[in-house]
Protein chains: 2
Amino acid sequence: VLVPARASETKPQTRPDVDSITAALDVIGDRWSVLILRAVFRGVTRFSAIRDDLGIASNLLTSRLNGLVEESVLERRPYCKRPLRYEYRLTDAGRDLSPVLISLMHWGDQHRQGGNAPTVLLHDDCGTPVRNATHCPECACEIDATAIRSEES
Amino acid sequence: VLVPARASETKPQTRPDVDSITAALDVIGDRWSVLILRAVFRGVTRFSAIRDDLGIASNLLTSRLNGLVEESVLERRPYCKRPLRYEYRLTDAGRDLSPVLISLMHWGDQHRQGGNAPTVLLHDDCGTPVRNATHCPECACEIDATAIRSEES
């Protein structure tokens, strides 16, 4: 059966919950941007230090940092006045990306590296590997995807 | 200072932990693929049902479903023999993407929809909104990004 082309067939329809998901992908879907965010999470915050850490060209780094500042996940702060030099700090929105990066990393460790995590994330206080999980605050239990239903709010 | 171009300046260096992250982005970084996975998580599993739910052209849907099957996050099962019709089920690896999608959605709700979640995910048993969080299994406490350190394993 031939169906006439509809506008909605050329790009995804607007679905509010998927808008939230794709808005987050706009920020972390780019590889360089993810690498930069990971560096800042690890405490590598100065332009020159990020550049050397990632081996990224200065012009690429500048464009990605500008994008992350525009997206309000990083903020630019001068750390030296003469010559003027900048460092980049996570905003609250940037820090809130932590569970996203951790869940992506754990999934990749599990399903693309055969369960052998090349890097482990540890609770700084006690050295135990951290876990990322979905739970019900009321029942105080971890829950998996089969126990979740979605509802328009 | 002019620095000679290095191969590593044109694309991200291989960093094992980022390999895990970018491998996960390979699966969920595409918008249609995310929409399809969300549909399957919601119980919309048949080719025709996914097509109608998303308003996606059949050829696009076929190519994205083939990709998700190749990535081993969905599996194809016949549900009708004459005519032959397929449905798509999450594999274990697919189900394990649940925390990724939930954390992306919660971040977008919080930072791109002003905290007004258009769709809420509820614990099916009790109707409480689910939470996704990083915690230390040893200390039995939620932890934020500042309390996490990474270590090569």
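Looking only at residues of region A:87-131 that are closer than 16 Å to A:Gly43 by Cβ and part of a strand (DSSP E or B), we find that the one that is most open to solvent (accessible area, probe 1.4 Å) is A:Arg89. If you go through region B:132-153 and keep only what is buried (at least 17 other Cβ atoms within 10 Å of the Cβ) and assigned to a strand (DSSP E or B), you end up with B:Asn132, B:Ala133, B:Thr134, B:His135, B:Cys136, B:Ile148. The residue list B:Arg64, B:Arg76 contains one member that is open to solvent by 10 Å² or more (accessible area, probe 1.4 Å), in contact with a helix residue (DSSP H, G or I) (Cβ under 7 Å, 6 or more places away or on another chain) and assigned to a helix (DSSP H, G or I), which is B:Arg64.
Tallying residues that are within 15 Å of the chain's Cα centre (by Cα) and without any contact (Cβ under 8 Å) to a residue 24 or more places away in the chain within region B:71-103 yields 6.
For A:Val3, the criteria (1) at pLDDT below 95; (2) closer than 26 Å to B:Ala23 by Cα hold in every case but one, which is (2).
Exactly one residue out of A:Asp26, A:Asp19 is free of Cβ contacts under 8 Å to residues at least 12 places away in the same chain, of a type outside the set (A, V, I, L, M, F, W, C) and open to solvent by 50 Å² or more (accessible area, probe 1.4 Å): that is A:Asp19.
The values are calculated or read from the model by the stated rules, or taken from the named source; none is laboratory data. Quantities reported herein were computed from a predicted structural model and do not represent experimental measurements. Cβ: placed from backbone, ideal geometry, glycine included. Neighbour counts: every protein chain shown. Note: areas computed on protein heavy atoms with side chains; ligands, DNA, RNA excluded. Shrake-Rupley method; radii C 1.70, N 1.55, O 1.52, S 1.80 Å.
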